[in-house]
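The values are calculated or read from the model by the stated rules, or taken from the named source; none is laboratory data. The structure displayed is predicted, hence computed values, not measured ones. Virtual Cβ from ideal backbone geometry, glycine too; neighbours counted across all protein chains shown.
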Amino acid sequence: MIGISACLGGICCRYDGQSKELSFLKELVEKKEAMPICPEVLGGLPIPREPAEIKDGDGFAVWQEQASVVTVSGEDVTECFKEGAKIAYQKLLEHQIDTVIVKENSPSCGQKMIYDGTFSGNKITGMGVATAYFVLNGIDVISENEWQKIVKHEDLNG
């Protein structure tokens, strides 16, 4: 079994109340071959919620207390993001999951790119808060753009 960012599995849990469903990944969730997780919701944030971005760094900087996660109106939601990452990690451990496919650009789940903290649409290289925590704790993380590396299309038709 693998983990999947819940929004990729068809669950409407994003900040805007939508999903970013990828049909093949949703099918894995439906077949109980993947567990959906949303660190932001697990951390206590509502659906929908204000957009949030990491200010002054990426997820690793958040864990080093050198960066924070703030909403577009300036509310600091860093602790919600950190708590959600920890809860998500525990759920992955409980299900003996060591690989997660994550939603790129997310302040929680971004694997290669995140928004730069200015709410201008600009992206920077970096990981989200949950992804950084997963990596620090030995979970393999794969971007939604590279999920085919671990999930073969034929696997879903057999």
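Things worth noting here:
- Taking (1) more than 16 Å from the chain's Cα centre (by Cα); (2) of a type in the set (D, E, K, R); (3) closer than 22 Å to residue 133 by Cα; (4) surrounded by fewer than 18 Cβ atoms within 10 Å (Cβ to Cβ) in turn, residue 79 satisfies each apart from (1).
- Test: residue in the stretch 4-12 that is in contact (Cβ under 8 Å) with a residue 60 or more places away in the chain, crowded, with 23+ Cβ neighbours inside 10 Å, touching a strand residue (DSSP E or B) at 6+ places or on another chain (Cβ under 8 Å) and small (Gly, Ala, Ser): yes
- Here is the figure for the stretch 12-42: residues that are touching a helix residue (DSSP H, G or I) at 6+ places or on another chain (Cβ under 6 Å) and of a type in the set (A, V, I, L, M, F, W, C) total 9.
- Only one of 62, 72 that is touching a residue at least 60 places away in the same chain (Cβ under 8 Å) and more than 14 Å from the chain's Cα centre (by Cα): 62
- Residue in the stretch 14-34 that is of a type in the set (Val, Ile, Thr), outside any helix (DSSP H, G or I) and in contact with a strand residue (DSSP E or B) (Cβ under 9 Å, 6 or more places away or on another chain) present: no
- Any hit, the stretch 96-116, residues being aromatic (Phe, Trp, Tyr), within 17 Å of residue 41 (Cβ to Cβ) and at pLDDT 95 or above: no
- Scan of the stretch 40-52 for residues that are surrounded by 20 or more Cβ atoms within 10 Å (Cβ to Cβ), in contact (Cβ under 8 Å) with a residue 40 or more places away in the chain and not in a helix (DSSP H, G or I), ordered by number: 43, 52
- Scanning the stretch 2-33 for residues that are among the β-branched types (Val, Ile, Thr) and closer than 16 Å to residue 143 by Cβ returns 2, 4.
- Scanning the stretch 52-64 turns up no residue that is within 17 Å of residue 9 (Cβ to Cβ) and either in contact with a helix residue (DSSP H, G or I) (Cβ under 7 Å, 6 or more places away or on another chain) or modelled with pLDDT under 95 (or both).
- Residue 122 being within 24 Å of residue 93 (Cβ to Cβ), surrounded by fewer than 21 Cβ atoms within 10 Å (Cβ to Cβ) and modelled with pLDDT of 95 or more: no
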